[in-house]
Amino acid sequence: MAVKNKYIDIKVTFMHKLKRGILVTLEGIDGAGKSTLATLLSNYLAQDNIDHLLTKEPGGSLLGQQLRTMLHNNTVSMCPKAEFLLFAADRAQHMHDIVLPALAKHTLVLSDRMADSSLAYQGYGRGVDKHMIKTVNTWIMENHEPDIVFYIQIPVKIALDRITKRGNVNHFEQHSSFLEKVDQGFKALFAEKKNVVFIDGSQNPKDVASTLYNHVKDLLCKQQLQ
Ligand code: TYD
């Protein structure tokens, strides 16, 4: 029986055919509000009949949903390299089953986390060789880079307050010192990149989502004019 996945299910009918597929990712530390923003952005796109696919890592594919359960199961100890390779396996299946076919059909793909999360969490957070992570990511992504990365920024303290309020803290979120390292990692990683848009995640989610939507509309317009 197919496992129901709200991310895979949100596929709207389209009016505008894109000239090529477009990949947009949302990145940030836990508690930054990415999932809420991804859903709001998807709703704005749907209201304007813009064909898109909302997906996520880990857990965007059926295999990925099983890997996500394993990754969140902290009763079995996992070394940092094994942890990275499980996220990489999730990404490989996600690219194969969901992202690459959608891009080939000229769809706009919105992904809640992707390759940059491995660099920030496993690279900067857990000390896995960043060069190795980059090499594996490039191989898995078949050289695709996001057209836009929305980096949702929020102070670690506010993120931890949000995580604690929501309950169900996963082991990636437990320690403020770990989240600080991940936060510094994202900042270092994104400082030089041209495809990254820095977003203040502490504002009202609807306003933040409408800012994201304006950036996506700009990108779509530019792409149609090329
Ligand atoms: P999830 O419950 O999906 O949370 P979120 O909504 O914050 O994405 O948990 C995913 C966790 O996995 C999150 O703490 C970030 C972490 N992660 C990595 O450590 N490396 C990765 O490559 C990815 C994609 C996620």
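Residues whose amide H lies under 5 Å from that of Ile22, counting only those 5 or more places away or on a different chain, are Thr107, Leu108, Val109; hydrogens are built 1.01 Å from N in the peptide plane. Cross-link partners for Lys181 among the aspartates and glutamates, with Cα-Cα distance under 12 Å and sequence neighbours closer than 8 places in the same chain left out: Glu173.
Counting Lys and Arg as +1 and Asp and Glu as -1 over every other residue whose Cβ lies under 15 Å from the Cβ of Arg20, the net charge comes to 0. Go ahead and set up a Gaussian network model of the chain, Cα springs under 10 Å, then flag whichever of His94, His175, His215 fluctuates most. For the chain, modelled as a Gaussian network with Cα springs under 10 Å, the answer is His175. In summary, the aspartates and glutamates within cross-link reach of Lys130, defined as a Cα separation below 15 angstrom excluding same-chain residues under 8 places away, comprise Glu83, Asp116.
Run the accessible area of the stretch 89-226 with a 1.4 Å probe and give the carbon-and-sulfur part as a rounded percent.
Values: 3780 of 7020 Å².
Carbon and sulfur atoms account for 54 percent of the accessible area of the stretch 89-226.
When the Gaussian network model of the chain links Cα atoms closer than 10 Å, the mean-square fluctuations of Ala38, Ala88, Ala104 top out at Ala104.
I want the local charge near Val128. Using Cβ-Cβ distances under 13 Å, sum +1 for each Lys or Arg and -1 for each Asp or Glu among the other residues. Write down the numbers at each step before the final one.
On the way: positive: Lys81, Arg126, Lys130, Lys134, Lys181; negative: Glu83, Asp129.
The answer is +3.
At a probe radius of 1.4 angstrom, the accessible area of the chain per residue rounds to 51 square angstrom.
Over the chain, what relative contact order in percent results from Cα pairs under 8 Å that are six or more residues apart? Present the calculation step by step, with values, prior to reporting the outcome.
Details: 346 pairs, mean separation 68.1, N = 226.
Relative contact order for the chain comes out at 30 percent.
Straight-line cross-link reach from Lys194 at under 19 Å between alpha-carbon atoms covers these lysines, not counting any fewer than eight positions away in the same chain: Lys134, Lys217, Lys222.
The values are calculated or read from the model by the stated rules, or taken from the named source; none is laboratory data. Remember, it's a predicted structure, so these values are computed and weren't measured experimentally. Cβ sites come from the backbone with ideal geometry, for glycine too, and all protein chains shown count toward neighbours. Just so you know, the surface numbers come from the protein's heavy atoms only, side chains and all, with ligands and any DNA or RNA stripped out. Shrake-Rupley method; radii C 1.70, N 1.55, O 1.52, S 1.80 Å.
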